[in-house]
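Have a look at the structure below before the remarks.
The values are calculated or read from the model by the stated rules, or taken from the named source; none is laboratory data. On a predicted model such as this, the values are computed, not experimentally measured, just so you know. Positions of Cβ are backbone-derived with ideal geometry, glycine not excepted, and every protein chain shown enters the neighbour counts.
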Amino acid sequence: MASPKIPAATLDRLAKLLPHLASEHDGEVVATARAIGRTLTVAGLDWHDLAGAIQAPLLEATMSAAPKRSSSSAFRDIDPSASCSRPGMRLWDTQRVEPWSRAAGYTLTLDWTIPKAFGGRFLTKAERVRLKAFERSVRVTNADAVWIEEVVALAHKAAVTWRARGKAT
């Protein structure tokens with residue numbers, strides 16, 4: 001269900017009220033919350049509509065910026081079913097190569113930790129089961145390695161979005 005569009009006049013009023021929620025005075029915070037509630041009611045909206053209006057652009061931005069899951073062109077000439085000769089992959093900006101099992105566990109942790117609104121919880125049940133199997137198993141094929149790298153890229157994208165949630169763009 002899509003949230004209704006918030007009128008510009010209401011947005012202006014909310015923009016003036018929201019900073020008061022950061023007050024150190026509890027009474028001012030409560031009064032501001034009540035004023036926001038009244039402002040929303042006058043516009044025919046409620047707190048859920050406000051939350052939906054905030055969340056919708058975040059979800060849209062996260063999903064549109066996410067890399068597509070497709071086979072990597074770097075490994076087209078390699079037999080996908082052959083055992084991967086690489087011992088693992090680098091995570092983030094480190095020079096250290098982590099084993100595939102650690103990359104799988106790392107991705108599962110990020111997927112579980114990051115809220116869905118910021119791109120987390122993107123793995124399907126089958127993908128989680130597959131990654132859990134890689135956590136326990138040492139044998140990874142070339143196709144598996146490419147898939148793990150793509151999933152790690154999605155997890156990194158979600159982590160960056162989540163970390164930037166409070167920063168101005």
Among THR169, THR161, which is buried (at least 18 other Cβ atoms within 10 Å of the Cβ), β-branched (Val, Ile, Thr) and at pLDDT below 85?
THR161
Mind checking which pairs have a first residue in segment 95-106 that is under 17 Å from SER85 (Cα atoms) and among the charged types (D, E, K, R) and a second that is modelled with pLDDT of 90 or more and not in a helix (DSSP H, G or I), Cβ under 9 Å, 6 or more apart or different chains?
none
